[in-house]
Amino acid sequence: MTDQGLRIGIAGITGRVGRLLVEEVQAAGAVLAGGTVRDKAKATGLPEGLALFTDMAGLAAVSDVVIDFTHADTAIPHAQALADHDTAWVLGTTGLSEAQQAAVLKAAETIGVVHAANFSAGVTLVRRLAQMMGQALPAESYDAEIVEMHHRQKVDAPSGTALAIGEAVAKGRGVALADVKESGRDGHTGPRKPGAIGFAALRGGQIVGEHEVLFTSADEQITLTHRAFDRRVFATGAVRAALWVQDRPAGYYGMEEVLGLPPC
């Protein structure tokens, strides 16, 4: 199948990223198959004649790939609908529960799923570098801290991207993030625990997303920084993932595979 024949559906098409995805799908020369909305009567400003659905099953039936930046609560029904229709899935939803993650992995036994906390190529590379640094820099000597800042409307903290970076550091160190995560320090906390991975979340204005990873020893500090200036970077990366996954066998993939990075 050529990119020009690929039918891409957009879940939550009237959202901030959803509307950018409309533009990016069209710019890529793919077919905009339709989108899901909560209320068709309020879905304005979309291409004339575009197919709109209030459930994933309808969109999955007319799409080869669906890009989904909706909500964790939709993960289980979306996974079932997409698997039932053999429709590939590009999923940008974070904060999944164990049951929701299990549903995504179950769907990946039937369809291609690209799941990422952040579809930016830059963030993907920061995660890879963070994993390499976690492996190379001894935890007893180098303290790892992750600082993120987002717009005032963001409701979760730390961000999904910050947690994904933390997971990368933990993987490099051969530990589980849940066992070493320190977030939201306040009051008399005592000295920093050896091997901890710390998180700090800042909120203000309309910052799209800033993430900084710091490895600090007694003698030096290494810092990785990524700043997103426009949400379009997420839409561009998601469409890139959709074009990539169309010819892939069923499986659970990340942006590392989309970018062609070697296994680490």
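The values are calculated or read from the model by the stated rules, or taken from the named source; none is laboratory data. Model, not experiment: these values are computed from the prediction. So basically every Cβ, Gly included, is an ideal-geometry build from the backbone, and we count neighbours across all protein chains shown. With ligands, DNA and RNA removed, areas are computed over all heavy atoms of the protein, side chains included. Shrake-Rupley method; radii C 1.70, N 1.55, O 1.52, S 1.80 Å.
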Q: Would you mind telling me which numbered condition in (1) of a type in the set (K, R); (2) over 15 Å from Y142 (Cβ atoms); (3) touching a residue at least 40 places away in the same chain (Cβ under 8 Å) R185 fails?
A: (3)
Q. Looking at the range 210-245, which of its residues are open to solvent by 40 Å² or more (accessible area, probe 1.4 Å), in contact (Cβ under 8 Å) with a residue 40 or more places away in the chain, outside any strand (DSSP E or B) and not hydrophobic (A, V, I, L, M, F, W, C)?
A. R231, R232, T236, R240
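Residues are listed down the side, and each one gets a yes or a no for (1) at pLDDT 95 or above; (2) open to solvent by less than 50 Å² (accessible area, probe 1.4 Å); (3) closer than 24 Å to P158 by Cβ; (4) of a type in the set (S, T, N, Q):
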site	(1), (2), (3), (4)
M56	yes, yes, no, no
F69	yes, no, yes, no
P77	yes, no, no, no
D86	yes, no, no, no
K106	yes, no, no, no
Q. From the list G195, G184, G160, which residue is open to solvent by less than 30 Å² (accessible area, probe 1.4 Å) and farther than 21 Å from L125 by Cα?
A. G195
Q.
If I filter the range 224-240 for residues that are modelled with pLDDT of 95 or more and farther than 22 Å from H151 by Cα, do I get at least one hit?
A. yes
(Q) With the structure loaded, tell me whether A201 is assigned by the TED database to the domain that holds G15 and among the hydrophobic types (A, V, I, L, M, F, W, C) or whether it fails that test. (A) no
**Q.** Scope the range 16-63; condition in contact (Cβ under 8 Å) with a residue 40 or more places away in the chain and in contact with a strand residue (DSSP E or B) (Cβ under 7 Å, 6 or more places away or on another chain); matching residues
**A.** G18, L21, V25, A30, M56, L59, A60, V62, S63
